[in-house]
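Everything on this sheet refers to the single structure shown next.
Every read-out reported here was derived from the displayed coordinates using simple, explicitly stated rules and does not represent laboratory data. Remember, it's a predicted structure, so these values are computed and weren't measured experimentally. Neighbour counts are summed over all protein chains in view; Cβ atoms, including those assigned to glycine, are modelled from backbone coordinates with ideal geometry.
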Amino acid sequence: MYEQNYLAGHLRSGSAGRENSRFARLYDNGSEISFAEFFHEAERIAAVLQEAGVGPGDRVAVQAEKSITALALYVGTILAGAVFLPLNTAYTPAEIAYFLNDATPAVFVCDPQRLETLAPIAEKAGIAQILTLDADGQGTLTDRQPAQSSFTAVPRDADDLAAILYTSGTTGRSKGAMLTHRNLASNAEVLRDYWQFTADDVLIHALPIFHVHGLFVAVNTLLIAGASMIFMRGFDAQNIISSMPNATVLMGVPTFYVRLLGQNKLADAARSMRLFVSGSAPLLAATHQQWQSVTGHAILERYGMTETGMNTSNPYSGERRAGTVGFPLPGTEVIITDPQTGEWLPQGETGSIEIRGPNVFKGYWQMPEKTAEELRDNGFFISGDLGFYDGAGYLNIVGRCKDLIITGGYNVYPKEVELLIDELPGVNESAVIGVPHPDFGEAVVAVVVPRSETELMAEDIISALGGVLARYKQPKQVFIVDALPRNTMGKVQKNVLREQFSTVNRPPA
Ligand code: MLC
Ligand code: AMP
């Protein structure tokens with residue numbers, strides 16, 4: 001009964017014949033959920049969504065704490081033929097307003113504690129139904145579920161939309177990346193095979209479930225492999241260490257590995273693990289080497305994006321080369337081109353990384369001109385990352401053409417923060433940069449020029465941004481300066497600022 005829904009059929013196939021096996025164990029209380037129980041909950045949620053008026057292609061926007069019910073809401077949305085739109089729990093009401101107005105979902109699901117603040121915003125955006133879901137899986141979404149459900153999955157083809165994930169834009173306006181059923185299913189199948197996932201695997205799941213990494217890379221791959229997970233509310237180094245003897249795989253951002261290296265029981269705990277995967281931000285070669293010397297395991301680093309899912313990976317068998325992101329995944333082409341002319345560059349030369357394959361998204365939601373800028377007619381997506389292939393064919397990422405900061409695995413587009421700072425009273429102009437940070441990899445720092453004769457305090461800027469910007473986007477430090485360095489064309493020299501402020505005043509860990 002799932003077969004006619006392309007993605008749901010794939011996700012269900014991994015556990016076929018083993019429906020009563022464990023899908024998840026909750027770290028908090030040790031309770032277990034089987035595949036059958038998980039899919040039944042997803043079906044009941046699909047029934048609630050349909051009852052609420054959700055039809056094929058409608059968007060279901062969700063800002064909910066991490067829970068198994070929130071995951072069942074993802075699969076339930078797919079079963080209902082709709083498009084899942086997860087939102088970071090750190091987003092402020094002002095940020096949520098943008099997404100709701102842009103995506104015009106049929107239903108918005110939020111935490112009951114935020115209902116009072118978010119309901120007027122959702123109503124203003126014309127959303128007919130607002131449902132609630134808390135961290136324990138309770139709320140009107142659960143209350144409305146029928147006791148029994150025999151939900152028949154709504155038919156969907158490989159090229160129909162399954163999800164829209166927003167990624168920030170260089171102009172400050174977030175873009176909704178449209179991902180199809182094929183994008184998600186094909187990537188999960190490739191990862192299952194490349195990383196040799198089987199039904200015996202147990203993943204430690206400590207990532208958030210509103211991004212590609214924790215949702216699609218982790219959960220889709222598990223479901224398609226029929227593997228299980230230890231499900232945690234979030235990152236906690238001690239909880240992860242204590243779970244390792246009962247697990248086989250960990251997926252994390254580099255900050256996970258940096259923090260775990262601070263735990264003295266790591267070496268013993270890691271011994272029985274099969275695989276450690278890192279991605280979403282560059283893993284320092286030093287962290288890779290330190291991990292190997294402490295645990296004996298070489299972290300497997302891979303490279304992906306919201307628009308494409310996973311593109312390259314270090315090999316499962318064979319050398320996992322520190323500081324590189326490995327080889328193109330089977331079925332995906334990853335080429336290096338001249339950023340000016342778009343021509344292919346030979347091995348060894350640094351250029352723009354472009355990607356083509358069944359994993360590459362369909363375009364940006366209602367932004368045809370942005371889609372045309374980044375997705376070529378021949379199917380190659382211009383990633384905005386810069387890299388080269390070394391002599392052994394490993395892809396090395398050396399920088400970005402896009403002005404982007406990645407802090408603890410979260411993307412921050414400086415333009416979005418600069419626009420808000422520039423609007424504040426007493427501000428003449430600003431530049432937002434990323435500086436090295438021992439825990440988050442990069443930290444957001446703002447350099448601000450006051451209007452003449454204005455006394456501007458760094459604290460005022462930080463507190464003014466408090467209510468409007470998600471916490472991780474807020475500058476960890478603000479510097480007030482007389483002028484910004486500019487080149488002869490008048491462009492702010494962010495490289496000069498980065499040098500100046502990362503050495504003079506390094507933010508605390
Ligand atoms: C939290 N803070 C951050 C932050 N996370 N600041 C900057 N960057 C971050 N990533 C803030 C908190 O609000 C808090 O502020 C202070 O920093 C310290 O928080 P903490 O308690 O140390 O943070 P913690 O809750 O432990 O979270 C850190 C983290 C988390 C690394 C575990 O950020 C995380 O789970 N990151 C993963 C992101 C992710 O999944 N990315 C995948 C994107 S998909 P204060 O001042 O209020 O105390 C993608 C594609 C791909 O990129 O390739 O995978
Ligand atoms: P996002 O838009 O959140 O999906 O972030 C995607 C970006 O994260 C990519 O374009 C890269 O810049 C970066 N990224 C992901 N994985 C890696 C990695 N292993 N090494 C370096 N950068 C990475």
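As a proxy for reagent exposure, ranking ILE299, ILE68, ILE353 by other Cβ atoms within 10 Å from fewest up yields ILE68, ILE299, ILE353. Kirkwood analysis of region 125-263, using all unique Cα-Cα pairs, places the hydrodynamic radius at 17.8 Å. The simple Förster model, with R0 at 45 Å and r as the Cβ-Cβ distance, assigns GLN290 and GLU459 a FRET efficiency of 0.80.
Residue by residue, region 102-118 carries 3J(HN,Hα) couplings of 6, 8, 6, x, 7, 9, 10, 10, 9, 5, x, 5, 9, 4, 4, 6, 8 Hz when phi is fed to the Karplus relation 6.51 cos²θ - 1.76 cosθ + 1.60 (θ = phi - 60°); x denotes Gly or Pro. Let me know the shape class of region 395-478, please: from the alpha-carbon gyration tensor, a ≥ b ≥ c as square roots of the eigenvalues, rounded when a/c is under 1.5, otherwise prolate if a/b is greater than b/c, or oblate. Since a/c reaches 1.5 and a/b is larger than b/c, the shape of region 395-478 is classed as prolate. Remark: region 447-458, residue by residue, has Karplus-estimated 3J(HN,Hα) of 10, 10, 9, x, 5, 4, 6, 10, 8, 10, 10, 4 Hz, where x stands for each Gly or Pro and the curve is 6.51 cos²θ - 1.76 cosθ + 1.60 at θ = phi - 60°. How would region 201-333 be classified by its alpha-carbon gyration tensor: rounded, prolate or oblate, with rounded meaning a/c under 1.5 and the a/b versus b/c comparison settling the rest? Note, shape of region 201-333 comes out oblate.
Under 5 Å between amide hydrogens, built in the peptide plane, is the criterion, and for ASN411 it picks out nothing among residues at least 5 positions away or on other chains.
Compute the Cα gyration tensor for region 282-396, then decide on rounded, prolate or oblate, letting a ≥ b ≥ c be the square roots of its eigenvalues: rounded whenever a/c is under 1.5, prolate when a/b is larger than b/c in the other cases, and oblate in all that remain. Prolate is the answer for region 282-396, as a/c is 1.5 or above and a/b outweighs b/c. DSSP finds beta bridges in the chain, and of those with both partners inside it, around 60 percent are antiparallel. When the listed pairs LYS66/LYS473; LYS124/LYS473; LYS402/LYS473; LYS66/LYS415 are checked against a 23 Å cut-off, the alpha-carbon distance exceeds it for LYS124/LYS473; LYS66/LYS415. Structural descriptor for region 7-90: relative contact order 29 percent, calculated from alpha carbon pairs under 8 angstrom and at least 6 residues apart. Computed over region 238-323, relative contact order equals 26 percent, with contacts defined as Cα pairs under 8 Å that lie 6+ residues apart.
Amide H contacts for GLU442 (H built 1.01 Å from N in the peptide plane; partners 5 or more residues away or on another chain; cut-off under 5 Å): GLY408, HIS437. Annotation: the residues LEU215, LEU345, LEU85, sorted from fewest to most other C-beta atoms within 10 Å of their own C-beta, follow the order LEU345, LEU215, LEU85. Looking at region 160-273 alone, DSSP beta bridges between its own residues are antiparallel in about 50 percent of cases. Annotation: amide H of VAL109 within the under-5 Å range of ALA61, VAL62, GLN63, LEU131, sequence separation 5 or more or interchain, hydrogens built in the peptide plane. Fewest-first ordering of LEU419, LEU7 by other beta carbons within 10 Å of each residue's beta carbon gives LEU419, LEU7. Over region 388-492, Cα pairs under 8 Å with separation of 6+ residues give a relative contact order of 22 percent.
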